[in-house]
Amino acid sequence: MTGHSRRLSAHPNHPNEKVHLPMRPLWLCCRCGHPWPCGSARLTLVAEYRDMPVSLFLHLASCLHDAIDDLHRLHPRVTGNAADLFDRFLGWPTRHRGRRASAADPQTPDGANKKW
């Protein structure tokens, strides 16, 4: 899939700042070299998709699909653990969502009435 970089825009107050985008096909951050999405990319994604959590998951699921394809083409015998890749792309938004909801309403342990 193409067009992933269009979602991660540079910060409007720092237009020359290099953003944390995936370096394909390695799926490392172009700026810091950490596995993408790195911490900074995650913060940017959460901010950009603040009111669209389903769209964030769909975008990240698409990235996961592309990463699996790219990494498999690079090293067919060593693509990596599918559970680790799943957690890397789709696990963190769930944890982030849970932290935000429980911080907003600590009296709701079962997740009822939680909003992104």
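Annotations
- The set of residues in segment 35-52 being assigned to a helix (DSSP H, G or I) and loosely packed, with under 15 Cβ neighbours inside 10 Å consists of 39, 43, 47.
- Among residues of segment 53-82, those that are among the β-branched types (Val, Ile, Thr) and either part of a loop (DSSP other than H, G, I, E, B) or touching a residue at least 60 places away in the same chain (Cβ under 8 Å) (or both), counted: 2
- Of the criteria (1) within 15 Å of the chain's Cα centre (by Cα); (2) at pLDDT below 95; (3) of a type in the set (D, E, K, R), which one residue 114 fails: (1)
The values are calculated or read from the model by the stated rules, or taken from the named source; none is laboratory data. Values in this document were obtained by computation on a predicted structure and should not be read as measured data. Here the Cβ is made from the backbone with ideal geometry for all residues, glycine too, and neighbour counts use every protein chain on show.
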